[in-house]
Amino acid sequence: MEQLNHRYITVAYDLYADNSAGIHEILEQAPVEHPFQFITNLGMALESFESKVAHLNEGDEFDFTLSVDEGYGPYEEKHVIEVPKTAFFVDGRFDKEQIFPGNIIPLVNEDGYRFDGLVNDVKEDVVVLDLNPLYAGKELHYKGRVVTARPATDEEVKGAINILTGGGGCGCGSCGCGEGDHGHAHDHDGCGCGCGDDDDHGGGCCGGGCGCH
């Protein structure tokens, strides 16, 4: 039996945005061989992105731009925080293999919520983390085509819900561009994401709910 209110969608796209010099540059790609995949109405993709592609058919092309508010919201300095270096100790030593300026690292707060943080700086006693979504403050220009579009099966919907609720490993909202493999996530008691419950910190790609890329 197929769930007609949930569609299984895969899309190949190039994502562009203006850099600090105002030059329109590519941020990421989801190729046909490894498309971004999601099931509609489960929060696996940005709502604004999903609304643009969910009604399309296989082979349809798309070219649209999401405003800052439709994307990941404005960039906010309050989401740049300092965390004691001791929070990044593994087996009694600072994890310099993962914690260095420019690296994106997986984090876990005291509630078990997983999110990514960008290492801005490593100082003598603290690590400066940018917890803004990767594409905060940017208008996002997507250009691509629909690879797959069909009703999702019961099994696919149940599997996606299981992953979204923490019952399984990553596998939803996969976009093919990736951010590298991380051996572990750092657990920060009291660190939190510093952004409040209403902010979306799904990370790069189109992802919202899953956050596994």
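Bear in mind these aren't lab numbers, they're just calculated from the coordinates by the rules spelled out. These figures come from a predicted structure and were not determined experimentally. Heads up, the Cβs are rebuilt from the backbone with ideal geometry, glycines too, and the neighbour counts pull from every protein chain shown.
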Subject >> If the convex hull is drawn through the Cα atoms of the range 4-118, its volume per residue in Å³ >> reply: 184
Subject >> Cα lying deepest toward the dipole's positive end in the range 62-174, options 134, 112, 159, charges on Cβ >> reply: 159
Original post:
With a 10 Å Cβ neighbour count serving as the proxy for reagent exposure, in which order, fewest first, do 49, 88 appear?
Top reply: 88, 49
Original post:
Whole-Hz Karplus ³J(HN,Hα) for the range 85-91, in order, using 6.51 cos²θ - 1.76 cosθ + 1.60 and θ = phi - 60°, x for Gly and Pro?
Top reply: 4, 4, 5, 10, 7, 10, 6
Original post:
Considering amide H positions built from the backbone, and no H for Pro or chain starts, which residues 5 or more places from residue 80, or on another chain, come under 5 Å of its amide H?
Top reply: 131
Subject >> From the C-alpha gyration tensor of the range 10-62, square roots of 5λ in Å >> reply: 23, 14, 11
Original post:
What order do you get for 108, 11 when you list them from fewest to most C-beta neighbours inside 10 Å?
Top reply: 108, 11
